[in-house]
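In what follows, a single structure is set out as C-alpha cells and then discussed.
The values are calculated or read from the model by the stated rules, or taken from the named source; none is laboratory data. Since the model is a prediction, treat every value here as computed from it, not as a measurement. Counting neighbours? That spans all protein chains shown, and the Cβs are built from the backbone with ideal geometry, glycine included. SASA here: full protein model, heavy atoms, side chains in, ligands and nucleic acids out. Shrake-Rupley method; radii C 1.70, N 1.55, O 1.52, S 1.80 Å.
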Amino acid sequence: MEAGARSDGLRGNVAVACDCGMEERATRVMERARVPKRYEHCDFESYVTDLVDGKTWTTQHLQSLKNANLVTQGFVRDYPGSAEKDCC
C-alpha cells in the first residue's frame, strides 16, 4: 500500500493499493476461481462466435455461442456487488 491524496477533498491521506498488490490480488482471485491458465487472457471482447464453416460449425452453433455470451454478460452485470468493481 502507498499513501495517496484524498479524492473527497478532506485533509489527510488514504491508503491506496499499489500495482504489485493489485497483481497479487488478481492472481489469488484467478487461483481461487480455479480458472485454468490457458483462459486467463480471455474476456468478453475476445469471445469468438463466428465459427460457422458449414461442416463442423453450423448456424445453430453460432446462435448457441451468442446466447451463451449474452447470458454470461448478464450474469456478470447483475452479480451482487458488481457496481463496486467500477469504482477502483
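The table below lists the values:
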| read-out | value |
| --- | --- |
| 13 Å beta-carbon shell around Trp57, net charge (K/R +1, D/E -1) | 0 |
| Ranking by accessible area, most exposed first, for Val71, Val14 with a 1.4 Å probe | Val71, Val14 |
| Order of exposure, largest accessible area first, which applies to Arg25, Arg34 with probe 1.4 Å | Arg34, Arg25 |
| Accessible surface of Glu40 - all protein chains present, 1.4 Å probe, nearest 10 Å² | 90 Å² |
| Heavy atoms of His41: accessible area, 1.4 Å probe, square angstrom to 10 | 130 Å² |
